[in-house]
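K.L.:
I'd like to ask you about the structure that follows.
The values are calculated or read from the model by the stated rules, or taken from the named source; none is laboratory data. What you are looking at is a predicted structure, and each value in this text was computed from that prediction instead of being measured. SASA here: full protein model, heavy atoms, side chains in, ligands and nucleic acids out. Shrake-Rupley method; radii C 1.70, N 1.55, O 1.52, S 1.80 Å.
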Amino acid sequence: VSQSHEEEDRKVRRREKNRVAAQRSRKKQTQKADKLHEEYESLEQENTSLKREIGKLTDEMKHLSEVLKDHEKICPLLHCSMNFVTVPRPDALTSCLPR
């Protein structure tokens with residue numbers, strides 16, 4: 001009789017231990033999922049920010065390309081009949097530079 005009582009106690013302790021271990025495992029899984037979700041949210045924000053920056057830089061590049069194209073039309077350095085000279089005339093250079 002005392003042996004079956006001991007076996008029953010062992011079963012109860014084992015079940016309790018198992019229940020606690022299962023709770024701990026579920027809690028750990030939940031924490032891991034929460035952490036992954038936070039990381040996902042952070043990466044989404046960073047991605048949105050980077051896309052916005054790409055858009056701004058693309059617009060700036062288009063603008064600067066237009067400015068360069070317009071400048072090339074009037075640049076005396078590009079239209080100089082002596083454009084094979086490696087050192088440009090100082091007066092031609094200053095007329096191209098912004099004041």
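K.L.:
Check cross-link reach from Lys17 to the lysines: straight Cα distance under 19 Å, and skip same-chain residues fewer than eight apart.
P.N.:
Qualifying lysines at Cα under 19 Å: Lys27, Lys28.
K.L.:
When the expected Rg is taken as 2.2 N^0.38 Å, what fraction or multiple of it is the alpha-carbon Rg of the stretch 1-79?
P.N.:
With N residues counted in the stretch 1-79, Rg over 2.2 N^0.38 Å equals 2.91.
K.L.:
So how exposed is Leu78, as accessible area in Å² (1.4 Å probe, rounded to 10)?
P.N.:
100 Å²
K.L.:
Kindly write out, for the stretch 13-23 in residue order, the coupling ³J(HN,Hα) from the Karplus curve 6.51 cos²θ - 1.76 cosθ + 1.60 (θ = phi - 60°), rounded to whole Hz, with x marking Gly and Pro.
P.N.:
3J(HN,Hα) across the stretch 13-23, in whole Hz: 4, 5, 4, 5, 4, 5, 4, 5, 5, 5, 4.
K.L.:
Please list, or write none, the lysines whose alpha carbon is within less than 19 Å of the alpha carbon of Lys62, excluding same-chain residues fewer than 8 places away.
P.N.:
Lys51, Lys73
K.L.:
Which of the aspartates and glutamates could a cross-linker bridge to Lys35, judged by Cα under 20 Å and excluding same-chain residues fewer than eight apart?
P.N.:
Glu44, Glu46
K.L.:
Now for a different question. Please work out the average accessible area per residue across the stretch 1-79, using the 1.4 Å probe convention, and give it in Å².
P.N.:
So the stretch 1-79 comes to 97 Å² accessible per residue, rounded to a whole number.
K.L.:
Relative to the present Cα-Cα distance, how much length would full extension add between Lys28 and Asp9 at 0.36 nm per residue of separation?
P.N.:
So the chain would gain 4.0 nm between Lys28 and Asp9.
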